[in-house]
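Heads up, the thing below is written out as structure tokens.
The values are calculated or read from the model by the stated rules, or taken from the named source; none is laboratory data. This is a predicted model, so every value here is computed, not measured. With ideal geometry, Cβ positions are generated from the backbone for all residues, glycine too; neighbour counts draw on all protein chains shown. Remember, those area values only see protein heavy atoms, side chains included, never the ligands or the DNA or RNA. Shrake-Rupley method; radii C 1.70, N 1.55, O 1.52, S 1.80 Å.
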Amino acid sequence: MIASKLSRCIFFLLLIISPFFTFAQSATIKGVVHDSLNKVFPDVTVGVLGKPIGTTTDEKGQYTLQVPSGETIKIVFTSLGFTADTSIVNLKSGETKTVNKSLHGKVFEMHGVDIEGGSLKKINITPINPKNVSSIPTPNQSVEDLLKTMPGVSSANELSSTYSVRGGNYDENLVYINDFEVYRPLLVRSGQQEGLSIINPDMVDDIRFSAGGFDAVYGDKMSSVLDIQYRKPKKFGGSINLSALGGSIELENRSKNSKWYYMIGARQKSTQYLLNTFETKGEYRPSFTDGQFLAGFQPNKKFNVEIFANYAYNRYQVVPTDRETNFGTINDAKRLTVYFEGQEIDRYQTMTGAVSTTYHPNDKVKLKLIASGYNTQEHENFDILGQYYLDQLETDLGKATFGQVAFNLGVGSFLNHARNSLDGDVFSLEHKGEVDENKTIWQWGVKAEHEYFDSKLHEWYYNDSSGYSIPSSRDSANPAISLNDVVISSATLSSNHYSGYFENILDLSDSSQLVLTSGVRANYSDLNSQLVISPRVSLKYTPKNHKNLSYRLAGGFYYQPPFYRELIGIDGTVYPNTKAQQSIQVVFGSDYTFLALGREFKLTSEIYYKFLDNIIPYEVDNLRIRYLPNYSATGYARGLDFRLFGDFVPGVESWASISFLQTYENIKGDYYYTRYNAEGEEIIKGFTFDQNATDSVKTEPGYIPRPTDQRVNFGLFFQDYLPKFPTYKMQLSLLFGTGLPFGPPGADRYQDVLRTPQYKRVDIGFSKQLIGDEVKRKPHSKFFGGFESLSIGLEVFNLLQVSNVASYTWITDVTNARQYAVPNYLTGRQLNIRLNAKF
């Protein structure tokens, strides 16, 4: 009932402004819908294409629909799992016409497709249509960009494929391709350096996502699961995608005897076009390239072998020249002007390979063995010298010099230096098994994994103001140059992980009305000699008399053993004995399907609570996560997620998501002193005149916001087309997120209580379909006859020209007391031309 009332409120405005109930001149169509066995077909959606007019068939398969007269309209008959049918009518005012239909089930050509036990294995995970990846108008046009519009998912960087889920950070998300886990580079510190996501959208067949409360079959991380399955090609084909940011090509084929298949994909991307909108001007030379290969051999229905390989080479080089940034408020506006020398050269090379064998002794049993390997070679090298001027701007509107420099606050210079390298390997051998006994499914798995990392970190930051090094040692008896943020470390880490799981999915009713999923995971690491046990359980209930409404309850223990980044402190110190982080989760959700505007919609909602223990505090600087493994904290995350999904426009999927989140942590053993002078004033560097302390008070910060504490997040993916010209289409992506906590650099997490501005991003795309569903290709054409689809489009990135903040540069005066947070902005508005073709 609550979901029903909410859905009515959502559509109330639309119902008022739409000609839903009355027409100046109308006609009537009626009829009966049958299935392929000539039985009456209830609950079939009958609607008018391009208009908010529709109904459903009753228990006898009958329907009656009022339609506008005097114009040609298309009537669409749809039902889940059946091929849609249409009729074109043009009726006179007051005319009644009978239109009967017979819908047939969809037929799929299958070549050794694995049967997955119906819907039992999908009750705790959300499917996403991979076709929408090629439609979303974003700079990356990746699977992750589509995820960012989902409930519980947030991202404040359009150049990156990273995302945060329900208060977790970027390192807490599991990503699988064809059942083996994949990784991303570890030294990346900003979105412009990151390059391509390992997921090639041209090769994707199935996307499943869980924002929490996932089953024991998935691994040991605390936030989310992205489960990707690549296609098994059925015939020769491919795709070509070109744009101002790069291009991709994909080829696939299957042998005539259907025993062999392969798929090859290659991508090249350069974000130079986008980076030129940065406030830091210079010569940007980013180049990101990757190639992927998938091949399979299936000699019979029982046996299948598959090979996957990926190679990626990402290079980022920049020679900055100058920068001018205005910041502050209307009443206190400042300007930072910087002139640069030097350059930055980063290289990230990754290789991934996997071999899997699948054996079906019979129709009920599935056995799979997976061997995979991952290697990353990463290098960061930069020496950037900056000479800066910090000026106060005139804020008096009555003066002719308004907005110009009023006076100088200080001059100085800084030098950023780094020579960082990382060589890492991850090898694993895994077995998965499954027995499907119709009303119950048994699943199990064991995995052995070896990790090896060899890192050399050497970086520091030198700041000088008015000829003095900051922090200043000029009053010392032995003056010396002082460096900031010094990290000098050389470490070799080698560890072995052993894990396993056992899970049962049980249908407690006759038709999946009540489904119980229970399982347990175990993980042991010889690096910290820790064994963790993770029981997990979920229950889904669908009322017998309300099959359009279902409820889900899930919970369990989720441990995350430390990986490379969690073991390295902010100063480069290695903490090999760091224990696994823990999250105890409870998730309650519902799915409500209803009819509105003549079409079917689905409203999902979830409420969750996560108790966090033994978590490692961290700071986020753009995409760089700097952990504090010498500390431990307890915390929590709680929130609400909603998603409205359906064909807002007939025939194309769209959705809107909104999330509310609060996540806090309490670092064990942290404290600071507040100092007071003789007058009882709190001493604040750079502000209090009397800096001589006569008293102090010890303060324990208690609970403070975590770096991902984004209170409200909204995502929208919307598609539309011109009703009379359906080959002209529009796609829109909208993201909104409230500010995130941040603070000055250093290990004092209690200072990170400032908030970044809101993240607001709108990307829009317009396309013309030259060949496709609405425009049939011409077989006699020598060139276009070979294409299944062909479209050309124009995209506008950052349509509203919002200056979103990626991070902050901290400028300090000569006293090392007063600091200024200068925002580093993301990309501005930019146009992009895109060509998509499939053959």
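Worth pointing out:
- Kirkwood-based shape ratio for the range 370-472, expressed as Rg/Rh from alpha carbons: 1.43
- Environment charge at Tyr316 (Cβ cut-off 9 Å; Lys +1, Arg +1, Asp -1, Glu -1): 0
- Ignoring lysines fewer than eight residues from Lys668 along the same chain, the ones with Cα atoms less than 17 angstrom from its Cα are Lys579, Lys698.
- Around the amide H of Glu95, modelled in the peptide plane, lie the amide H atoms of Thr28, all under 5 Å away and 5 or more residues distant in sequence or on another chain.
- All-pairs alpha carbon distance profile, the range 701-743, 5 Å steps from 0, percent: 5, 17, 16, 12, 11, 9, 8, 8, 6, 5, 2, 1, 0
- Near Trp444: Cβ cut-off under 12 Å, other residues only, Lys/Arg at +1 and Asp/Glu at -1. The net charge is +2.
- Mean separation of Cα pairs under 8 Å and 6 or more residues apart, divided by the residue count, gives the chain a relative contact order of 10 percent.
- Globularity index of the range 265-342, i.e. its alpha-carbon radius of gyration over 2.2 N^0.38 Å: 2.01
- Proximal lysines relative to Lys610, as straight alpha-carbon distance under 17 Å, when same-chain residues fewer than 8 apart are discounted: Lys221
- Inverting the pair-averaged 1/r between distinct Cα atoms of the range 371-412 gives 14.9 Å as its Kirkwood hydrodynamic radius.
- Centre separation in Å (Cα based) which lies between the range 340-405 and the range 204-275: 20 Å
- Sequence-distant aspartates and glutamates (8 or more away, or on other chains) whose Cα lies within less than 14 Å of Lys92: Glu71
- Across every pair of non-identical alpha carbons in the range 644-753, the mean reciprocal distance, once inverted, gives a Kirkwood radius of 18.7 Å.
- Pairs beyond 20 Å (Cα-Cα), from Lys547/Lys602; Lys334/Lys399; Lys74/Lys724; Lys302/Lys364; Lys729/Lys760: Lys729/Lys760
- Taken along its principal axes, the alpha carbon cloud of the range 122-211 reaches lengths of 36, 27, 25 Å, longest axis first.
- When the alpha-carbon atoms of the range 184-237 are used, the pair Rg, Dmax equals 14.9, 42 angstrom.
- Per residue, the convex hull spanned by the Cα atoms of the range 524-600 measures out at 140 cubic angstrom.
- Dipole of the range 604-710 computed with +1 at Lys/Arg Cβ and -1 at Asp/Glu Cβ about the Cα centre; of Gly646, Ser696, Ile615, farthest Cα towards the positive end is Ile615.
- Separation of alpha-carbon centers, the range 699-748 and the range 522-591, rounded to whole Å: 24 Å
- The tail of the calculated P(r) for the range 303-451, taken as Cα-Cα distances beyond 17 Å, holds 76 percent of the pairs.
- With 5 Å bins beginning at zero, the pair-distance distribution over Cα atoms of the range 291-390 amounts to 3, 10, 12, 10, 9, 8, 8, 7, 7, 6, 6, 5, 5, 4, 2, 0 %.
- Once C-alpha pairs closer than 8 Å and six or more residues apart are averaged by separation and normalised to the residue number of the range 290-443, the relative contact order reads 22 percent.
- Mean sequence separation of contacting Cα pairs (under 8 Å, at least six apart), scaled by the length of the range 228-267, corresponds to a relative contact order of 38 percent.
- Calculated log₁₀ intensity ratio I(q)/I(0) where the Debye formula runs over C-alpha points of the range 578-684, q = 0.11, 0.18 Å⁻¹: -0.63, -0.97
- Quotient of the Cα radius of gyration of the chain and 2.2 N^0.38 Å, N being its number of residues: 1.04.
- About the Cα centre, charge dipole magnitude for the range 575-646 (Lys/Arg +1, Asp/Glu -1 at Cβ), debye: 80 debye
- Per residue, the accessible area of the range 144-229 comes to 16 Å² when a 1.4 Å probe rolls over the protein heavy atoms.
- Where only C-alpha atoms are counted, convex hull volume of the range 224-281 per residue in Å³: 102 Å³
- Calculated Rg and Dmax of the range 129-271 using C-alpha coordinates, Å: 15.9, 50
- On Cα atoms only, tilt of 2-17 relative to the major axis of the chain in degrees: 80 degrees
- Of the solvent-accessible surface of the chain, computed with a 1.4 Å probe and all protein chains present, 56% belongs to carbon and sulfur.
- Taken one residue at a time, the phi angles of the range 602-612 give Karplus couplings (6.51, -1.76, 1.60, θ = phi - 60°) of 9, 10, 10, 9, 9, 10, 9, 9, 10, 8, 10 Hz. Gly and Pro are set to x.
- Calculated accessible area for the range 377-455 comes out at 46 Å² per residue, all protein chains present (probe 1.4 Å; ligands, DNA, RNA ignored).
- Our estimate of slack between Gln317 and Gln268, defined as 0.36 nm per intervening residue step minus the Cα-Cα distance, is 16.0 nm.
- Net charge of the neighbourhood of Glu250, taken over other residues with C-beta under 11 Å away and scored Lys/Arg +1, Asp/Glu -1, is +1.
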